[in-house]
Amino acid sequence: MTGPRLGAHMSIAGGIHKAIDRGLDVGCDTIQIFNKSNNQWHAKGLSDEDIDRFKKAKDESGIDPVVCHDSYLINLASPEEGPLKKSREAFLVEMQRCEALGIPFLVMHPGSHLGTGVDAGLERIAASFDWLYERTENFKLTVLLETTAGQGTNLGFKFEQLRAIIDQTKEGERLGVCLDTCHVFAAGYDISNSDGYDRTWKEFDSIIGLDRLKAIHLNDSKKDLASRVDRHNHIGKGKLGLEAFRLLMNDERLQHVPMILETPKGDDYAEDKENLAILRGLIGL
Ligand code: MN
Ligand code: MN
Ligand code: ZN
């Protein structure tokens, strides 16, 4: 078994194409990026040169796929008209940027209901996707709903909630899913041992369908099972432990799914190199 394609989230400081160089330097087979500054609403337009440089760097690198993650400011479940409109427009720009760059997947956090209740929040997310899909008719891009830890009023911490969004969206067949190992554990899915791991994937397959799974975020968790708190830790150093990652690296059903680290790191990316070495060391064990 050669194992799945592995990588890490990479900075786009200095230009989107720079993320490819950083990924190569660390030894990634795949990377995740933000396609604009993740804590600002405004995005500077992409020039043809930006797009060409990125595509050329990507093609030469062998890194594939490049996955994008949306800005943390966007809330497609917002109950307030102004912020909801702003979020939809910003997410539309993110979708357009991904499409222009030839990026196949845009991972997103479904949204926060902000005290208005789970069902109302899920309905607004689906209505937001109806709004977005009307405006992006022939896009190749697939938006991936990320499983969340369920912190605060965040939605997406139960597989049933992702299923509800898919069902309530008119073009729900266009949606995929990204599973985050830290988030599902914090949400109460115990993937730290083989029994819980098997149960979780069985549930995932029956509620969402394994064919919808297009990416996995590999993060250990600083917080306990069902804590509903989202704090990433290095692989094998948190409450999840190495066994969860050994099971993932050797799961035949998941060999085609890109798996990406979102763990803390310094300027030299030494932690990414170490985490990738640990993961690769688990293949075949
Ligand atoms: Mn995320
Ligand atoms: Mn994640
Ligand atoms: Zn997280």
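The values are calculated or read from the model by the stated rules, or taken from the named source; none is laboratory data. Worth saying up front: this structure is predicted, and the values here are computed from it rather than measured. In this analysis, Cβ positions are derived from the backbone assuming ideal geometry, glycine residues included, and neighbour counts consider all displayed protein chains. These accessible areas exclude ligands, DNA and RNA; they are computed on the full protein's heavy atoms, side chains included. Shrake-Rupley method; radii C 1.70, N 1.55, O 1.52, S 1.80 Å.
At-a-glance table
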item: In the stretch 59-96, residue farthest from LEU145 (Cα to Cα) [restricted to those that are open to solvent by less than 30 Å² (accessible area, probe 1.4 Å) and among the charged types (D, E, K, R)]; result: GLU94
item: Which listed residue is acidic (Asp, Glu), in contact with a Ser or Thr (Cβ under 6 Å, 6 or more places away or on another chain) and within 20 Å of ARG5 (Cα to Cα), from ASP220, ASP180, ASP251; result: ASP180
item: Selection status of ARG212, touching a helix residue (DSSP H, G or I) at 6+ places or on another chain (Cβ under 7 Å), modelled with pLDDT of 95 or more and open to solvent by 10 Å² or more (accessible area, probe 1.4 Å); result: no
item: Filter result for ARG253 (open to solvent by 10 Å² or more (accessible area, probe 1.4 Å), farther than 21 Å from ILE63 by Cβ and over 20 Å from the mean Cα position of the chain (by Cα)); result: no
item: Index of the failed condition, MET259 passing every other in (1) under 17 Å from CYS178 (Cβ atoms); (2) open to solvent by 40 Å² or more (accessible area, probe 1.4 Å); (3) not polar (S, T, N, Q); result: (2)
item: Scope the stretch 140-160; condition in a loop (DSSP other than H, G, I, E, B) and surrounded by fewer than 16 Cβ atoms within 10 Å (Cβ to Cβ); matching residues; result: LYS140, GLY152
item: Subset of the stretch 197-228 [in contact (Cβ under 8 Å) with a residue 12 or more places away in the chain, under 17 Å from the mean Cα position of the chain (by Cα) and away from ligand 2 (no atom under 14 Å from the Cβ)]; result: PHE204, ILE208, LEU210, ARG212
item: Lone qualifier among SER194, SER112 - being more than 19 Å from the chain's Cα centre (by Cα), open to solvent by 10 Å² or more (accessible area, probe 1.4 Å) and over 19 Å from MET95 (Cα atoms); result: SER194
item: In the stretch 70-101, the residues that are basic (Lys, Arg) and within 18 Å of ILE16 (Cβ to Cβ); result: ARG97
item: Residue count for the stretch 95-109, restricted to those that are assigned to a helix (DSSP H, G or I), over 12 Å from THR142 (Cα atoms) and within 18 Å of the chain's Cα centre (by Cα); result: 2
item: Residue within the stretch 249-258 that is under 20 Å from VAL107 (Cβ atoms), touching a strand residue (DSSP E or B) at 6+ places or on another chain (Cβ under 6 Å) and at pLDDT 95 or above present; result: yes
item: Number of positions in the stretch 194-236 that are within 11 Å of ligand 3 (Cβ to nearest atom) and under 23 Å from ILE166 (Cβ atoms); result: 2
